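Input: a single structure, listed below in structure tokens.
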Amino acid sequence: QNLEITISRSQPRVEGLVKFQIGNGSFVGTARVTSRLETMSTVRMKETYESASFQDLNSIEIPSFLQYSRDIYITYVDEDLLIVRDASGVPEVLVRKDMVFPRDHGPEPSDVDDMGPPL
């Protein structure tokens, strides 16, 4: 459980948090990356890294010319599982941690929003 990814409704939509240790646990640290997630089609999204922080110190904005960007393709999704692949075909399997949503997750979608095309 060293990597935790949070996907929210507002941009930047993705936050990745990794916990690590060096040696026999003599140094324990955290690194956090935030990225923008944009819908390109019904199965393709674009992820662009925007900022990073180490040990929860000040977040550093990544200059646009250094930002890593990749297309990801949704190959499977249900209530508990999301499988995506990048352009090279490498899969990432994301499992929902829990069904409790934070209060600041944004407005609830209406039935009309659910029936429309992705934004």
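The values are calculated or read from the model by the stated rules, or taken from the named source; none is laboratory data. The structure presented is a predicted model; accordingly, all values stated were derived computationally and were not measured. Here the Cβ is made from the backbone with ideal geometry for all residues, glycine too, and neighbour counts use every protein chain on show. Only protein heavy atoms, including side chains, enter the accessible area calculation; ligands, DNA and RNA are left aside. Shrake-Rupley method; radii C 1.70, N 1.55, O 1.52, S 1.80 Å.
Annotations
- Backbone HN-Hα couplings from phi across the range 38-51 [Karplus 6.51/-1.76/1.60, Hz, Gly and Pro as x]: 10, 7, 9, 7, 5, 10, 10, 10, 10, 10, 10, 6, 10, 8
- Loop GluC sites (Glu not before Pro), the range 48-102, which have at most 11 other Cβ atoms in a 10 Å radius of their Cβ (DSSP): Glu79
- Counting charges near Gln55 (Lys, Arg +1; Asp, Glu -1) among other residues having Cβ under 15 Å from its Cβ returns a value of +1.
- Inter-probe distance in nm under a simple model that places probes 7 Å from Cα toward Cβ, at Thr30 and Lys97: 1.0
- Phe54 sits with roughly 100 Å² accessible to a 1.4 Å probe, with DNA, RNA and ligands left out of the calculation.
- Sites matching trypsin sites (Lys or Arg not before Pro) across the range 15-58 that sit in DSSP coil, with at most 10 neighbouring C-beta atoms within 10 Å: none
- Taking all protein chains as shown and a probe of 1.4 angstrom, Val95 keeps an accessible surface of around 110 Å².
- Ile22 accessible area, assembled protein chains, probe 1.4 Å, Å²: 100
- Paramagnetic label zone (point 7 Å from Cα along Cα-to-C-beta, Ser69; backbone N under 12 Å) in the range 13-49: 36-38, 46-49
- Heavy-atom SASA rank of Leu3, Leu17, Leu81 (probe 1.4 Å, accessible area, largest first): Leu3, Leu81, Leu17
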